[in-house]
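In what follows, a structure is listed as structure tokens, so that the remarks can point back to it.
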Amino acid sequence: MEQSKIRALLDKYWKAETSVEEERALAEFFRQPEIPGDLEPVRGLFQWREEEAELRPGAGFDRRMLERIEGMESEGGGGERVRGEVMSVGMVVRGFSIRFAAAAAIILCLGIGLLIPMISPGPGQGGPGSAGGGVPVAEVAPAAAVKDTYTDPNKALAVVRRALLVASVRLNEGNHITQRNITRLHDSWQAVTGD
Amino acid sequence: MNLIKLRTWGLLLSLLLAGRTGFAQDDAIGKFFGKYVDDDRFTVVSISPKMFRLMSKIRWDSVSSDLKETVGKLQSLRILSTSATPMTFYKEALEKIDRKEYEELITVRSKQDNVHFMVKESGNTIHELLMISVGDDGFTLVSFVGDIDLDKLARLSADMGIKGMENLKDVKRK
């Protein structure tokens, strides 16, 4: 792939706008032994991704696992279960019913957990502070009841929009700083290698 | 048999309590808001899920699709800001944040201020974005709750062609 395209993709990568295919193309590029010196500092980032993907069990892993399983089985040979024993239908049903009971209990608890905040006057869930014709909504804030600041959705939208833009600007500032640091790293690399 | 029943009820009760605690909203940031919501030194903005639902019913002219989608997935917004002893409140907020719940996303340090971005996520979904900033002109804590897409969020300012710090100051004055 042309270097200009790679650089354009890298720019996208720093902005977190690359697709999976584009990241694969970048990884492919950085797998080459010869790449421009200024891109050398970035190689590590993509190599790391490759190395992580290539993690495999070492030699003899299967054998060691089988030996351990056999060892555990022979240790427990005198116990309740004998190797190769067929489970009775009753055991299967009992096992299932315990699991079903556990699952039902968890679902019940989660359901109750969800229902309790709904029943109590919550954020826009009814109650004396509910919105209706511009009446302020009671927001259940943790530890204290907080009223909705705006009764007009247009005004609320304007504030949300502004807050999101501020967050966006500051996030991008962080991204630019990261880019600057990488450039600095590259300059240091060049100073060391003389590329 | 009685012992088994007792154990079963004990287990159910603990699960029930766990379920209730899991949905409780008494997190550290919530308590922080609760503590200062009526404090005159603070400017507080709170937008509830109900208001977000009302917002979806108004006209969305001149709003970019990214912004529309981002707002559409938000459930609540809380802003707390003050110009009084900003560093004290900044330290208090940072101390109260449970680092097991909130993961540090990025920290921006500039001459004007420091900004921390923290996220609360489960799986690949960010459920809360917390922005805490402190500078000479004040302390601000912003909490966005909902389904947050950082890619879209980062694109918003680019879409609007906005750069710099001016907007943060505008929000603080609101």
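The values are calculated or read from the model by the stated rules, or taken from the named source; none is laboratory data. Computed from a predicted structure; not experimentally measured. Every residue, glycine as well, gets a Cβ built from its backbone with ideal geometry; the counts of neighbours run over all protein chains shown.
Scanning segment A:173-190 for residues that are loosely packed, with under 14 Cβ neighbours inside 10 Å and acidic (Asp, Glu) gives a single hit, A:Asp187. It is to be established whether one or more residues within segment B:49-68 are in contact (Cβ under 8 Å) with a residue 12 or more places away in the chain, within 7 Å of chain A (Cβ to nearest Cβ), closer than 19 Å to A:Val166 by Cβ and surrounded by 13 or more Cβ atoms within 10 Å (Cβ to Cβ). Within segment B:49-68, one or more residues are in contact (Cβ under 8 Å) with a residue 12 or more places away in the chain, within 7 Å of chain A (Cβ to nearest Cβ), closer than 19 Å to A:Val166 by Cβ and surrounded by 13 or more Cβ atoms within 10 Å (Cβ to Cβ).
Among what's in segment A:149-164 and is charged (D, E, K, R) and more than 7 Å from chain B (Cβ to nearest Cβ), pick the residue that is farthest from B:Met131 (Cα to Cα). Looking at residues that are charged (D, E, K, R) and more than 7 Å from chain B (Cβ to nearest Cβ), I get A:Asp152.
Restricting attention to segment B:28-48, the residues that are surrounded by 23 or more Cβ atoms within 10 Å (Cβ to Cβ) and at the interface with chain A (Cβ under 7 Å from one of its Cβ atoms) add up to 4. Residue pairs whose Cβ atoms lie under 8 Å apart, separated by 6 or more positions or on different chains, with the first residue in segment A:7-25 and within 14 Å of chain B (Cβ to nearest Cβ) and the second surrounded by 14 or more Cβ atoms within 10 Å (Cβ to Cβ) and of a type in the set (Asp, Glu), are A:Lys12/A:Glu22; A:Tyr13/A:Glu22; A:Tyr13/A:Glu23. The strands (runs of 3 or more DSSP E) found wholly in segment B:74-137 and carrying at least 2 residues that are surrounded by fewer than 20 Cβ atoms within 10 Å (Cβ to Cβ) and modelled with pLDDT under 90 occupy B:103-109, B:113-122.
The combined condition, being touching a strand residue (DSSP E or B) at 6+ places or on another chain (Cβ under 8 Å) and farther than 19 Å from B:Gly146 by Cα, is fulfilled by B:Pro86.
Mind checking which residues of segment B:29-69 are within 14 Å of the chain's Cα centre (by Cα) and assigned to a helix (DSSP H, G or I)?
Residues of segment B:29-69 within 14 Å of the chain's Cα centre (by Cα): B:29-34, B:44-49.
Matches in segment B:29-69: B:Ile29, B:Gly30, B:Lys31, B:Phe32, B:Phe33, B:Gly34, B:Pro49.
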